[in-house]
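Visitor: This is the structure I have questions about; it appears just below.
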Amino acid sequence: MDTVFPSIAPGRVHRWGGAALIVARRRDLHRAPVLSPAEERVVRALPAWRQAEWTAGRLLAKHLVGAIVSAPPHEVEILPRDDGSPYVVVSGSPVPALNVSISHTAGHVAAALAPRPVGVDLCETASADAVRRVADHALSPEELALMDTDRAEVMAGAWALKEAAVKADRSGVFGTAPRRIAILGLRPPVLDGRRRAMAWQAGDAVLALVLADPAAPHCVGAPRSAGSCLSVEPLAVQVPVGQRARTSEGEMSGDGASSHLSW
């Protein structure tokens with residue numbers, strides 16, 4: 001079967017391009033996150049329909065941060081900046097060297113960490129029609145000419161790449177920001193500017209990851225457009241759930257290491 005994007009296994013910590021990434025089905029997240037007083041204030045200010053998605057995203061991000069820095073999740077906070085973008089706090093101290101991005105939909109959640117600006121986004125393939133309705137706003141004629149707009153995963157992937165890129169830039173998805181980011185290719189994903197991108201099929205959603213400034217010394221030995229260079233200093237993953245991390249090379253297109261987090 002022809003697929004646009006390679007698949008990604010849920011519930012596993014993956015490394016790609018110097019970033020750590022995890023996606024999970026919301027129905028598989030059985031633990032309630034331990035929220036700090038500051039996080040509690042944030043979630044209480046959200047509409048009721050958003051609170052469950054927000055807390056699921058925090059649960060995933062807290063465990064990912066804890067795995068990377070070897071801290072228990074209850075010592076990790078994911079708080080919003082003034083512009084709404086998240087940042088990491090561990091044991092009461094901000095960790096400016098660790099960039100975080102979170103995405104959540106009705107069915108999935110994802111989180112990514114990287115030493116440089118990062119954006120992650122999920123778009124359900126069921127949203128393809130909605131993407132087509134806003135195509136004139138988000139996609140240029142040149143971009144549309146690259147795409148098979150009849151394929152739901154193509155439209156979902158295009159939107160996810162755009163939104164992941166504006167997250168990495170810390171700009172909003174509304175207004176002119178999406179049109180200022182050009183998609184130059186989908187197989188593999190290639191964006192303009194100093195960005196490196198990849199996308200995967202995650203069940204009935206497409207997951208996109210965008211790293212800003214790919215010229216940083218975490219990526220060598222492959223063309224930037226290839227989306228497949230190995231990380232020079234891969235992030236160490238320690239699984240804080242009483243089991244040894246299982247790693248496997250080559251599971252993802254690109255860097256291959258992954259380890260399992262059980263929920």
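The values are calculated or read from the model by the stated rules, or taken from the named source; none is laboratory data. These numbers were taken from a predicted model, which means no experiment stands behind them. Cβ placement follows ideal geometry from the backbone for every residue including glycine, while neighbour counts extend to all protein chains displayed. The area values use the complete protein model at the heavy-atom level, side chains included, leaving out ligands, DNA and RNA. Shrake-Rupley method; radii C 1.70, N 1.55, O 1.52, S 1.80 Å.
Visitor: List every residue pair whose Cβ atoms lie under 6 Å apart, where the two residues are 6 or more positions apart in sequence or sit on different chains, the first residue falls within the range 32-60 and is within 12 Å of E77 (Cα to Cα), and the second residue, located anywhere, is open to solvent by 70 Å² or more (accessible area, probe 1.4 Å).
Guide: Going by the 6 Å Cβ cut-off, the qualifying pairs are V34/H74.
Visitor: Okay, moving on. Any residue that is on the phi > 0 side of the Ramachandran plot and at pLDDT below 90 - is there at least one of those in the range 81-91?
Guide: Keep residues of the range 81-91 that are on the phi > 0 side of the Ramachandran plot, which gives 84, 91.
Okay, now just the ones that are also at pLDDT below 90, so 84.
Among the residues of the range 81-91, at least one is on the phi > 0 side of the Ramachandran plot and at pLDDT below 90, which makes the answer yes.
Visitor: Still on this structure, I have one more. Is it fair to say H137 is under 20 Å from V23 (Cα atoms) and either touching a helix residue (DSSP H, G or I) at 6+ places or on another chain (Cβ under 6 Å) or in contact (Cβ under 8 Å) with a residue 12 or more places away in the chain (or both)?
Guide: No: the conditions fail for H137.
Visitor: Of the numbered conditions (1) touching a helix residue (DSSP H, G or I) at 6+ places or on another chain (Cβ under 7 Å); (2) open to solvent by less than 40 Å² (accessible area, probe 1.4 Å), G18 satisfies every one except a single condition; which is it?
Guide: Here G18 clears every test but (1).
Visitor: In addition: Please state which one of D121, D136, D150 is under 19 Å from T55 (Cβ atoms) and not small (G, A, S).
Guide: D121
Visitor: Tell me which residues, restricted to the range 171-189, are more than 20 Å from H137 (Cβ to Cβ) and open to solvent by 30 Å² or more (accessible area, probe 1.4 Å).
Guide: R187, P188
Visitor: Could you check the range 74-87 and list, in sequence order, the residues that are free of Cβ contacts under 8 Å to residues at least 40 places away in the same chain, under 20 Å from A56 (Cβ atoms) and surrounded by fewer than 18 Cβ atoms within 10 Å (Cβ to Cβ)?
Guide: Answer for the range 74-87, where residues must be free of Cβ contacts under 8 Å to residues at least 40 places away in the same chain, under 20 Å from A56 (Cβ atoms) and surrounded by fewer than 18 Cβ atoms within 10 Å (Cβ to Cβ): E75, P80, G84, Y87.
Visitor: Ok, one more. Determine whether L144 is open to solvent by 20 Å² or more (accessible area, probe 1.4 Å), out of contact with any Ser or Thr (no Cβ under 8 Å at 6 or more places or on another chain) and within 20 Å of R187 (Cβ to Cβ).
Guide: Yes.
Visitor: Within the range 121-214, considering only strands (runs of 3 or more DSSP E) that don't extend past its boundaries, which have at least 3 residues that are at pLDDT 95 or above and within 23 Å of R26 (Cα to Cα)?
Guide: The strands (runs of 3 or more DSSP E) meeting that bar are 195-202, 205-212.
Visitor: Give V34, V43, V90, V4 a once-over and let me know the one that is surrounded by 14 or more Cβ atoms within 10 Å (Cβ to Cβ), touching a strand residue (DSSP E or B) at 6+ places or on another chain (Cβ under 6 Å) and not basic (K, R). Give the steps one after another, and end with the answer.
Guide: Working: V34 fails: touching a strand residue (DSSP E or B) at 6+ places or on another chain (Cβ under 6 Å); V43 fails: touching a strand residue (DSSP E or B) at 6+ places or on another chain (Cβ under 6 Å); V4 fails: touching a strand residue (DSSP E or B) at 6+ places or on another chain (Cβ under 6 Å).
Only one candidate passes the filter, namely V90.
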